[in-house]
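Only the coordinates and a few stated rules stand behind these numbers; no lab work does. Here the structure is a predicted model, which means the values were calculated and not measured. Virtual Cβ from ideal backbone geometry, glycine too; neighbours counted across all protein chains shown.
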Amino acid sequence: MKGKTFSERVVELALTIPKGRVSTYGDIARAAGGTPITAQSITGILSKAEQNGVKGIPWHRIIYGDGRVWLNDEHKAERMRLYQQEKIKIDERGKVVDFDSIRF
C-alpha cells in the first residue's frame, strides 16, 4: 500500500473485509495509517469512493468500536438480510454477537 493516499488505503482495506467478518471504523483508520480521530472520516471517504464508481463496499461489515451496527429505517431490512446471509448475529441491542471472534 506504499505510495497510496490515506483514502485509497481506506477503500482497499474496506474491500478486503471477508464475508462473515466485521471491522470497525477505528480498525480501518489505524490499518490505513491514521489516528483514532481519522476514524470519523471513514464513512465520508467510502461514500465519496462509491460516488466515484467503486462497487461492492461492504458497508454492513463496518461497525462501531463497541460492536454496534449502524441501522436506520432506510437500510435496516437490507442490512439485517445481509447479516443473516453471512451468519453475523445481531443481538436485541444492535450489537454483533461474538464480536471479538469475528473481528477482522
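Of note:
- The one condition in (1) crowded, with 16+ Cβ neighbours inside 10 Å; (2) out of contact with any Asp or Glu (no Cβ under 6 Å at 6 or more places or on another chain); (3) over 14 Å from R103 (Cβ atoms) that K4 fails to fulfil: (1)
Listed here are the residues, each with its yes/no results for (1) aromatic (F, W, Y); (2) more than 20 Å from D66 (Cα to Cα); (3) assigned to a loop (DSSP other than H, G, I, E, B).
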residue: S7; (1), (2), (3): no, yes, no
residue: E12; (1), (2), (3): no, yes, no
residue: G26; (1), (2), (3): no, no, no
residue: R30; (1), (2), (3): no, no, no
residue: G33; (1), (2), (3): no, yes, yes
residue: I42; (1), (2), (3): no, no, no
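- Of all the residues in region 45-57, those that are free of Cβ contacts under 8 Å to residues at least 12 places away in the same chain, closer than 18 Å to I17 by Cα and either of a type outside the set (S, T, N, Q) or not in a helix (DSSP H, G or I) (or both) number 2.
- Condition met for P36 (under 25 Å from Q85 (Cβ atoms) and either out of contact with any strand residue (DSSP E or B) (no Cβ under 9 Å at 6 or more places or on another chain) or without any contact (Cβ under 8 Å) to a residue 24 or more places away in the chain (or both)): no
- Filtering region 41-86 to residues that are over 17 Å from R103 (Cβ atoms), among the small types (G, A, S), within 13 Å of the chain's Cα centre (by Cα) and surrounded by 15 or more Cβ atoms within 10 Å (Cβ to Cβ) leaves only S41.
- Which numbered condition K19 misses (of (1) surrounded by fewer than 14 Cβ atoms within 10 Å (Cβ to Cβ); (2) over 12 Å from the mean Cα position of the chain (by Cα)): (2)
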